[in-house]
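Read through the structure below, which is laid out as structure tokens, and then see the notes.
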Amino acid sequence: MTITNLTNDGLHSQVIILARVVAKYGAIDKDELISVCTALDELGKERDLARLRATLKRWTDLGLFAEDSSKVLLTAPLARGESLEAFTERLPAACRQILMQEQHCLPLWVPSGEVSEDGAGRVADFARSLSWALAQNIYNLPSSTDDIDALVRMQISATRSIFQNKTRWPGMRVWARYLGFGTGDDANFLLDPTEAVRSELPNVLTQGQSTPADVFIDELSIRLPVLDRGAYRREVESHLRTDTWRRPPEGHLSMSLSMALRRLELNGTLALEAKADAGTSLGLTGRDYRSWTRFTHVRLLGDAK
């Protein structure tokens, strides 16, 4: 099972359509749901029906939807007074929370070491590939699938793999964008977890209160284990060759997380504070591994929603 095989496992746009219909109408017959959500081609025939059914099955298995007899319902329906548009806006966060769960991601690799998904977590390939991508030099990351495949093969140890095959990279980019870990289209895609980090800030910070930098990063890594210090990230990094993959400088965050924190600071959401004699400080890593700034504490200032 995976979500990065777009042909067989569906698209995020189909997840949105399915979820909006169930949110609007409540528990609905499965066949009726599929019928309502299926587009018609120019001849009036149902289009992309198999992939829509696969999308529903995949996200039922993952826990976004549930089945009660022949009815489909949402496990987290509209809150009282919530509009359909507000529900749609929070859907990426709900999907991200589901996908980050250990029950779906672990084990990251098949215990035997084979290049296979049989025996790995339901979405282990997505967790692996996103962890790997967020650990890279995001400013020089290749854009072509073949170049990404070559870079992965150069960096990963012989007993492990990142992708089941190179065709999974486009699927990873699609889902990374939707879930708040990337921006741009396929031609100028950039690993940028700003929106994912912003969404989690109320869960790890108290408005107006300064939190030690180390505590903040540790708490954030629990919510988003593909980021620096996260369990999935650490496991993936442990299998990267240090002669072909470059870590950030000592005491610095990765380029991807650094970009997110810098953007949130610039737009007034966060304050990255450097307090004298405050203990451990962390540095942000910019282009060409240059150090942007160091901070000892983080304070939530603006609206993180």
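The values are calculated or read from the model by the stated rules, or taken from the named source; none is laboratory data. The structure displayed is predicted, hence computed values, not measured ones. Cβ: placed from backbone, ideal geometry, glycine included. Neighbour counts: every protein chain shown. Just so you know, the surface numbers come from the protein's heavy atoms only, side chains and all, with ligands and any DNA or RNA stripped out. Shrake-Rupley method; radii C 1.70, N 1.55, O 1.52, S 1.80 Å.
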- Would you tally the residues in segment 102-122 being at pLDDT 85 or above and among the charged types (D, E, K, R)? 2
- Those residues that are β-branched (Val, Ile, Thr), part of a helix (DSSP H, G or I) and open to solvent by less than 20 Å² (accessible area, probe 1.4 Å), I need them from segment 1-20; list them, please. Val15
- Message: Regarding segment 58-74, can at least one residue be identified that is among the hydrophobic types (A, V, I, L, M, F, W, C), closer than 25 Å to Arg223 by Cα, more than 15 Å from the chain's Cα centre (by Cα) and in a loop (DSSP other than H, G, I, E, B)?
- Response: yes
- Message: Looking only at residues that are in contact (Cβ under 8 Å) with a residue 40 or more places away in the chain, within 20 Å of the chain's Cα centre (by Cα) and open to solvent by 30 Å² or more (accessible area, probe 1.4 Å) in segment 138-163, which one is farthest from Pro248 (Cα to Cα)?
- Response: Ser143
- Query: Do we find that Leu261 is in contact with a Phe, Trp or Tyr (Cβ under 9 Å, 6 or more places away or on another chain) and in a helix (DSSP H, G or I) in this structure?
  - Reply: yes
- Note on the structure: Scanning segment 169-209 residue by residue, the ones that are open to solvent by less than 30 Å² (accessible area, probe 1.4 Å), at pLDDT below 95 and more than 21 Å from Ile16 (Cβ to Cβ) total 1
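Yes or no, residue by residue, for (1) in a loop (DSSP other than H, G, I, E, B); (2) at pLDDT below 95; (3) farther than 18 Å from Phe181 by Cα:
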{"site": "Arg234", "(1), (2), (3)": "no, no, no"}
{"site": "Pro249", "(1), (2), (3)": "yes, yes, yes"}
{"site": "Ser256", "(1), (2), (3)": "no, no, no"}
{"site": "Ala271", "(1), (2), (3)": "no, no, yes"}
{"site": "Asp277", "(1), (2), (3)": "yes, yes, yes"}
{"site": "Asp288", "(1), (2), (3)": "no, yes, yes"}
{"site": "Thr293", "(1), (2), (3)": "no, yes, yes"}
- Message: If I filter segment 104-134 down to residues being open to solvent by less than 10 Å² (accessible area, probe 1.4 Å) and part of a loop (DSSP other than H, G, I, E, B), which single residue comes out as nearest to Leu191 (Cα to Cα)?
- Response: Val123
- Those residues of segment 170-195 which are in a helix (DSSP H, G or I), in contact with a Gly (Cβ under 7 Å, 6 or more places away or on another chain) and closer than 25 Å to Asp147 by Cβ, in sequence order: Arg173, Ala176
- Looking at segment 72-81, is at least one residue surrounded by 13 or more Cβ atoms within 10 Å (Cβ to Cβ), over 26 Å from Glu200 (Cβ atoms) and not small (Gly, Ala, Ser)? yes
